[in-house]
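Taking it in order: structure first as structure tokens, then the write-up.
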Amino acid sequence: MNFFTLFGRYFILMGRVFSRPEKTKIYVKQIIREIEVLGLNSVGIVIIISVFIGAVITLQTRYNLESSWIPLYLIGLTARDTLLLEFSSTMVGLILAGKVGSNIASEIGTMRITEQIDALEMMGINSASYLILPKIIAAMLFNPFLTLISMFVGLIGGWLAVVLTGALPSSDYIFGIQYLFVPFYVTYALVKTVVYAFIITSVPAFYGYNVQGGALEVGRSSTRGVVYSSILILLADLIITQLMLA
Amino acid sequence: MIKVENLVKIFNGVKVLEDISVDFEKGKTNLVIGRSGSGKTVFMKCIVGLLEADEGAVFYDNRDFVSMNFMERKQIRREIGMLFQGSALFDSLTVEENVMFPLNMFSNMTPGEKLERTNSCLRRVDLADINKLYPGELSGGMKKRVAIARAIVENPRYLFCDEPNSGLDPKTALVIDDLISEITHEFDITTVINTHDMNSVMEIGEKVVFIHDGRKGWEGTREEILDTADENLNDFVFASNFAKKIKALTT
Ligand SMILES: Nc1ncnc2c1ncn2[C@@H]1O[C@H](COP(=O)(O)OP(=O)(O)OP(=O)(O)O)[C@@H](O)[C@H]1O
Ligand SMILES: [Mg+2]
């Protein structure tokens, strides 16, 4: 399928996703369920990764600045800004694209090949909206919390590294992570997160929804969904950065 | 009654269905038979609009389905119950939630009324005490029954069944066939059943339409089918050696 057809079909599907919902009460229920499946179930992995990356960033910065005249508190500042600007939004976004994206594409793809989507349509339900909209909304609502958690936990990871290795005085680190704090960086990260949330849910959903064939194709669509949402995340990163920070 | 006129469906330049016209009668089990790959599923999906026909018309009790807009079609679809080849139950929902699903989406019943209706449909298909099980925990025959219960929960006027007894043993297949036939007569539904099972034809085929290579090859009743002169149909009906030998003995 060529690029423009693909693009067109994606927008047609999104048009159906965002048309008037059937019964608001049922959507609210679905959104809550998706927050649990897509959001709460990702808290663990986000915490684990963020702790480690926070620690590694801090140590790497420390060893790169070995015996230089640069004040030690700048290590805390560097770790903080790396987490805020890029890691807690984009890296977490990429990790979620893998975890959440494959989950969504294979769930919807399986529903397609087992005719569950046809069954919804036959009941007079807008299957695109019923299946996809709650996922998009759930991720856009909840992923900002994942990003905030990642920032916070990442800073703790850095602090643990400092304390456990004695690489620098903990007081320098703590001073550094508060020094010259730019609140706008958090806004910037959250804006990115919301855009990524849309990509991570809608793109794999598109691939799952259009599966034709059997289990093999479901697997392929899930891979495609993850790959393309990852690429789009990086593209969005570039664009938003140029728009917000330049 | 469902009236199909000159239906044509083309996939990638190949005519999968060619000019099929047929009337499906109310209160009867209408069987569409044919070899695997002859176009039965495509035919059914064109009639209900899951696939767009390239030419032709479909009338649901004189209501022109093809020219309807999205909202009007949705209304008709709520009068249709459909049983899919693989049951198509929702994996993430229990048996009870599956059957209740259409009610939750559309009806204004109280929770008590919904449960009452759900249970009565499950009883109708002889299933009890499995409300809380998930589809993954059921046998193929049970899944079909749950799917039938879900298809009839909103009192449909039209019932479509795509190979309702594929993958079932002959005895269970018969039970499912009889169930569909009983429900059809009980509620005066226009029922269309795709099958390649001659047992079903002889058991419940009140009206039989034979599709061969995407065309209507023959149309009649199950009584007429055994002494048809149509060669293709004869081939289909007496496909097994067992049937051939019996035919040789009786003629
Ligand atoms: N989406 C599609 N794209 C292209 N060709 C298709 C598509 N769906 C079905 N066909 C073709 O249409 C023909 C009829 O298929 P159909 O599924 O209707 O057969 P069937 O009679 O239901 O067979 P079975 O008894 O095995 O279910 C087949 O040759 C099939 O390859
Ligand atoms: Mg079929």
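Considering only residues that are open to solvent by 40 Å² or more (accessible area, probe 1.4 Å) and either part of a helix (DSSP H, G or I) or not acidic (D, E) (or both), which ones fall in the stretch B:121-131?
Hits for the stretch B:121-131 are B:R123, B:R124, B:A128.
When B:V32 is evaluated against the numbered criteria (1) assigned to a strand (DSSP E or B); (2) within 15 Å of ligand 2 (Cβ to nearest atom); (3) open to solvent by 70 Å² or more (accessible area, probe 1.4 Å), which criterion, by number, is the only one it fails?
(3)
Quickly run through the stretch A:87-125 and pick out the residues that are under 30 Å from B:E79 (Cα atoms) and open to solvent by 10 Å² or more (accessible area, probe 1.4 Å).
Listed by number, the residues that qualify are A:E107, A:T110, A:M111, A:R112, A:I113, A:T114, A:E115, A:D118, A:E121, A:M123.
Is it fair to say B:K9 is within 15 Å of ligand 1 (Cβ to nearest atom), surrounded by 15 or more Cβ atoms within 10 Å (Cβ to Cβ) and charged (D, E, K, R)?
For B:K9, the condition - within 15 Å of ligand 1 (Cβ to nearest atom), surrounded by 15 or more Cβ atoms within 10 Å (Cβ to Cβ) and charged (D, E, K, R) - is met.
When the residues of the stretch B:132-170 are filtered to those that are open to solvent by 30 Å² or more (accessible area, probe 1.4 Å) and over 19 Å from the mean Cα position of the chain (by Cα), which remaining residue is nearest to ligand 1 (Cβ to nearest atom)?
Restricting to residues being open to solvent by 30 Å² or more (accessible area, probe 1.4 Å) and over 19 Å from the mean Cα position of the chain (by Cα), the top hit is B:S139.
For residues that are open to solvent by 50 Å² or more (accessible area, probe 1.4 Å) and either in contact (Cβ under 8 Å) with a residue 12 or more places away in the chain or within 16 Å of ligand 2 (Cβ to nearest atom) (or both), tally how many sit in the stretch B:179-192.
3
Only one residue in A:I26, A:I75, A:I31, A:I35 is touching a Phe, Trp or Tyr at 6+ places or on another chain (Cβ under 7 Å) and within 30 Å of B:S107 (Cβ to Cβ). Which one?
Only one candidate passes the filter, namely A:I35.
I need the full set of residues from the stretch B:46-80 which are touching a helix residue (DSSP H, G or I) at 6+ places or on another chain (Cβ under 8 Å), within 16 Å of ligand 1 (Cβ to nearest atom) and part of a helix (DSSP H, G or I), in order please.
Passing the criteria: only B:V48.
For the stretch A:12-27, state whether one or more residues are open to solvent by 70 Å² or more (accessible area, probe 1.4 Å), without any contact (Cβ under 8 Å) to a residue 60 or more places away in the chain and closer than 18 Å to A:M151 by Cα.
There is no residue in the stretch A:12-27 that is open to solvent by 70 Å² or more (accessible area, probe 1.4 Å), without any contact (Cβ under 8 Å) to a residue 60 or more places away in the chain and closer than 18 Å to A:M151 by Cα.
In the set B:V95, B:V14, which member is more than 16 Å from ligand 2 (Cβ to nearest atom) and open to solvent by 30 Å² or more (accessible area, probe 1.4 Å)?
B:V14
May I ask you to verify whether A:Y196 is surrounded by 15 or more Cβ atoms within 10 Å (Cβ to Cβ), more than 19 Å from A:Q116 (Cα to Cα) and either at pLDDT 95 or above or among the charged types (D, E, K, R) (or both)?
So A:Y196 passes the test.
Any chance you could count how many residues in the stretch B:57-92 are within 16 Å of ligand 2 (Cβ to nearest atom), open to solvent by less than 60 Å² (accessible area, probe 1.4 Å) and either in contact (Cβ under 8 Å) with a residue 60 or more places away in the chain or more than 8 Å from every other protein chain (Cβ to nearest Cβ) (or both)?
Summing the residues that are within 16 Å of ligand 2 (Cβ to nearest atom), open to solvent by less than 60 Å² (accessible area, probe 1.4 Å) and either in contact (Cβ under 8 Å) with a residue 60 or more places away in the chain or more than 8 Å from every other protein chain (Cβ to nearest Cβ) (or both) in the stretch B:57-92 gives 4.
So which pairs qualify, if the first residue must be in the stretch B:44-56 and more than 11 Å from chain A (Cβ to nearest Cβ), the second must be surrounded by fewer than 19 Cβ atoms within 10 Å (Cβ to Cβ) and β-branched (V, I, T), the Cβ gap must be under 8 Å, and the two must be at least 6 apart or on different chains?
B:A53/B:V8; B:A53/B:V66; B:D54/B:V8; B:D54/B:I10; B:E55/B:V8; B:G56/B:V8; B:G56/B:V66
Working carefully through the options B:I246, B:I180, find the one that is part of a helix (DSSP H, G or I), within 30 Å of B:E154 (Cα to Cα) and either of a type in the set (V, I, T) or touching a strand residue (DSSP E or B) at 6+ places or on another chain (Cβ under 7 Å) (or both).
After ruling out the rest, the residue left standing is B:I180.
Among the residues in the stretch B:101-116, are any buried (at least 17 other Cβ atoms within 10 Å of the Cβ), more than 14 Å from chain A (Cβ to nearest Cβ), more than 17 Å from B:S87 (Cα to Cα) and not charged (D, E, K, R)?
no
Would you check which residues across the stretch B:141-172 are within 16 Å of ligand 2 (Cβ to nearest atom) and away from chain A (no Cβ under 14 Å) and list them?
Passing the criteria: B:N165, B:L168.
Looking at the stretch B:1-23, I want the residues that are part of a loop (DSSP other than H, G, I, E, B) and have a partner that is open to solvent by less than 70 Å² (accessible area, probe 1.4 Å) and not basic (K, R) with Cβ atoms under 7 Å, at least 6 apart or on another chain. Which pairs are those?
If the second residue must be open to solvent by less than 70 Å² (accessible area, probe 1.4 Å) and not basic (K, R), the pairs left are B:M1/B:D23; B:M1/B:F24; B:M1/B:E25; B:M1/B:D61; B:M1/B:T190.
The values are calculated or read from the model by the stated rules, or taken from the named source; none is laboratory data. All values reported here derive from a predicted model rather than from experimental measurement. Note: ideal-geometry Cβ built from the backbone for every residue, glycine included; neighbour counts use all protein chains shown. For accessibility, only protein heavy atoms count, side chains too; no ligands or nucleic acids. Shrake-Rupley method; radii C 1.70, N 1.55, O 1.52, S 1.80 Å.
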